[in-house]
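Notes follow the structure.
The values are calculated or read from the model by the stated rules, or taken from the named source; none is laboratory data. Everything numeric here is computed off the predicted structure, so don't read it as measured data. We place every Cβ from the backbone using ideal geometry, glycine too, and count neighbours over all the protein chains shown.
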Amino acid sequence: MDKKKLKIAIFTDNFFPAVGGTENAVYNLATALTELGHEILVVAPNYKNADDSKYIFRVFRKSSIKIDANNNYALPFFNKKLYKVLDEFNADILHCHSQASMLSLAIKYGKKHKLPVVSTIHTKFSYCYKDSAKLNIIVKPMLKSIGRKLKQVDRVTAVSYSMADEFKLYGYNGQFDVIKNGLSINSFKPIEIENIAREKYKLKSTDNIFIFVGRITKVKNISFILDTLQKLKEKGIKFKMFIVGEGGDLPYFKSMAKEKNIEDMVEFTGKITDKHLLASLYYNSNLNIFPSIFDNDSLTIVEAAMYGTPSITLMNTGSSERITDGQNGYIVQNNANKMAEQIAEILKDKNRLKIVGENAKNELVKSWQDVTQEYLAIYYEILNQKKTI
């Protein structure tokens, strides 16, 4: 059977102008699908400063409520305008990238119109809820509600195998497919970027330079990074650590760096919107330090790899799944002493470190075009099973 071009409605509680991995994933998937000739409608929360004119796909903004400085969540009910937009779009399949109100809406609409629903999990919600819920007594019911929703969809996908244990907390024991996130591969040439960060931050090619890129929040385990850096300093190792990003816990970590007497060795850059500068920091760094337990499949590991910078992560985390220890990156125990010892050992052989970085570049970088083909295979499989195409 010839594969026709599809109409795909993508539901998400996380989209631009908010900042995060899910926002990027939805944008890149919608863009890649559109470039292949499929018709895409993204249903996303409304933001006051949202500008959807720059996208090559259509975006419908759902009435929403502000949760924090970065996130708006869609209100959990339909209105006539949303129904009209969806009815006129006449989707073949619904794909939800959120487990909050948008998944409920997708399931409800899918049942009414007999449309298949795919649900992709990007986040370990047990960490989110424990971090944000004031009463732990409500965390378990919130997680179980996700499980009940997942049991109602046609296919569940996740971005890491580490979600298996997370799903058990939801009460979901069904099968799921793992599709790793991709990357928009448009890297700059070294000659274009190598001196940008060096000049701005007065760096030398012989310096020990580390980087972390992400939201500045406690769930990212940034305190572990600072503990590790303190121990490196105690070993007499000089370095410069760049912590790139913004978030509500920034003052907390700045204070922690000062308490550990490493504030002169740690640069909190804030959010970097200059792509050349960020690429230059990646390129000039020896290691991307990413000890997050919360993240399923952080793109910063792939972004760093694109510029030949290997990552060091913790054992048994989603972020470590791409890495072969000592081959294209490093994996250590969840212990700051162990990580400091490993980094100290790594820095003794910069030639080997460069080889590991090149291996990361050759082995870890995966394009969104490849990822999109994996999702399309699932769409067509489900639709063929339902005999709707």
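Does SER223 qualify as being over 30 Å from GLN373 (Cα atoms), polar (S, T, N, Q) and assigned by TED's automatic domain parsing to the domain that holds ALA305? Lay out the reasoning, then the answer.
Details: over 30 Å from GLN373 (Cα atoms): yes; polar (S, T, N, Q): yes; assigned by TED's automatic domain parsing to the domain that holds ALA305: yes.
Considered against the rule, which asks whether it is over 30 Å from GLN373 (Cα atoms), polar (S, T, N, Q) and assigned by TED's automatic domain parsing to the domain that holds ALA305, SER223 comes out as yes.
What number of residues within the stretch 40-85 are under 23 Å from the mean Cα position of the chain (by Cα), among the charged types (D, E, K, R) and in a loop (DSSP other than H, G, I, E, B)?
Going through the stretch 40-85 one residue at a time, the tally reaches 4.
Only one of these is closer than 29 Å to LYS202 by Cβ and either in contact with a helix residue (DSSP H, G or I) (Cβ under 8 Å, 6 or more places away or on another chain) or modelled with pLDDT of 95 or more (or both): ASN288, ASN334. Name it. Outline the logic, then answer.
Details: ASN334 fails: closer than 29 Å to LYS202 by Cβ.
Being closer than 29 Å to LYS202 by Cβ and either in contact with a helix residue (DSSP H, G or I) (Cβ under 8 Å, 6 or more places away or on another chain) or modelled with pLDDT of 95 or more (or both) holds for just one of ASN288, ASN334, which is ASN288.
I'd like to verify a number: residues in the stretch 232-255 that are part of a helix (DSSP H, G or I) and buried (at least 19 other Cβ atoms within 10 Å of the Cβ), how many?
Going residue by residue through the stretch 232-255, those that are part of a helix (DSSP H, G or I) are 232-234, 250-255.
Pick out the ones that are also buried (at least 19 other Cβ atoms within 10 Å of the Cβ) and you get 232, 253.
Qualifying residue count for the region: 2.
Could you name every one of the strands (runs of 3 or more DSSP E) located completely within the stretch 272-385 that has at least 3 residues being free of Cβ contacts under 8 Å to residues at least 24 places away in the same chain? Write out each step before concluding.
Working: elements: 287-289, 311-314, 330-332.
Filter on the stretch 272-385 gives an empty set.
So, ALA360, is that one small (Gly, Ala, Ser) and either in contact with an Asp or Glu (Cβ under 9 Å, 6 or more places away or on another chain) or farther than 15 Å from VAL178 by Cα (or both) or not?
yes
Only one of (1) over 23 Å from PHE125 (Cα atoms); (2) buried (at least 18 other Cβ atoms within 10 Å of the Cβ) fails for SER292. Which number is that?
(1) is the only condition that SER292 fails.
Of everything in the stretch 138-186, what is of a type in the set (Gly, Ala, Ser), over 30 Å from SER280 (Cα atoms) and buried (at least 19 other Cβ atoms within 10 Å of the Cβ)? Give them in sequence order. Break it down into steps so the answer makes sense when it comes.
First pass over the stretch 138-186, keeping only residues of a type in the set (Gly, Ala, Ser): 145, 147, 158, 160, 162, 164, 171, 174, 182, 184.
This time we only want the ones that are over 30 Å from SER280 (Cα atoms), so: 145, 147, 158, 162, 164, 171, 174.
Hits for the stretch 138-186 are ALA158, SER162.
For the stretch 86-102, name all the residues that are under 16 Å from LEU33 (Cβ atoms) and either part of a strand (DSSP E or B) or out of contact with any strand residue (DSSP E or B) (no Cβ under 7 Å at 6 or more places or on another chain) (or both). Quick ask: steps written out before the conclusion?
To start, the set of residues in the stretch 86-102 that are under 16 Å from LEU33 (Cβ atoms) comprises 89, 91-97.
Result: ILE93, LEU94, HIS95, CYS96.
Mind checking whether some residue in the stretch 87-106 is modelled with pLDDT under 95, of a type in the set (D, E, K, R) and in the same structural domain as ARG61 (by TED's automatic domain parsing)?
Checked the stretch 87-106: no residue is modelled with pLDDT under 95, of a type in the set (D, E, K, R) and in the same structural domain as ARG61 (by TED's automatic domain parsing).
Take the stretch 1-58 and flag every residue that is hydroxyl-bearing (Ser, Thr, Tyr) and within 27 Å of VAL213 (Cα to Cα). Break it down stepwise before answering.
At the first step, the residues of the stretch 1-58 found to be hydroxyl-bearing (Ser, Thr, Tyr) are 12, 22, 27, 31, 34, 47, 53, 55.
Those that are hydroxyl-bearing (Ser, Thr, Tyr) and within 27 Å of VAL213 (Cα to Cα): THR12, THR22, TYR27, THR31, TYR47, TYR55.
Tally up the residues in the stretch 18-32 that are farther than 15 Å from THR123 by Cα and either at pLDDT below 90 or assigned by TED's automatic domain parsing to the domain that holds VAL302 (or both), please.
Kept after step one, since they are farther than 15 Å from THR123 by Cα, are these residues of the stretch 18-32: 18, 27-32.
Right, trim to either at pLDDT below 90 or assigned by TED's automatic domain parsing to the domain that holds VAL302 (or both) and you get 18.
Qualifying residue count, the stretch 18-32: 1.
Whether any residue in the stretch 17-33 is over 20 Å from the mean Cα position of the chain (by Cα) and in a loop (DSSP other than H, G, I, E, B) is what I want to check. Break it down stepwise before answering.
Filtering the stretch 17-33 down to residues over 20 Å from the mean Cα position of the chain (by Cα) leaves none.
Checking the stretch 17-33: not a single residue is over 20 Å from the mean Cα position of the chain (by Cα) and in a loop (DSSP other than H, G, I, E, B).
Given the residues ILE225, ILE216, which is the only one that is in contact with a strand residue (DSSP E or B) (Cβ under 6 Å, 6 or more places away or on another chain), outside any strand (DSSP E or B) and in contact (Cβ under 8 Å) with a residue 40 or more places away in the chain?
Numbers: ILE216 fails: in contact with a strand residue (DSSP E or B) (Cβ under 6 Å, 6 or more places away or on another chain).
Just a single option satisfies the conditions, and that option is ILE225.
Where residues in the stretch 171-185 are outside any loop (DSSP other than H, G, I, E, B) and touching a residue at least 40 places away in the same chain (Cβ under 8 Å), which of them is nearest to the chain's Cα centre (by Cα)? Steps first, answer last, please.
The initial filter retains those residues of the stretch 171-185 that are outside any loop (DSSP other than H, G, I, E, B), namely 177-178, 183.
Within this subset, residues satisfying the condition of being touching a residue at least 40 places away in the same chain (Cβ under 8 Å) are 177, 183.
On the way: ASP177: 17, LEU183: 11 Å.
Across the stretch 171-185, the extreme among qualifying residues is LEU183.
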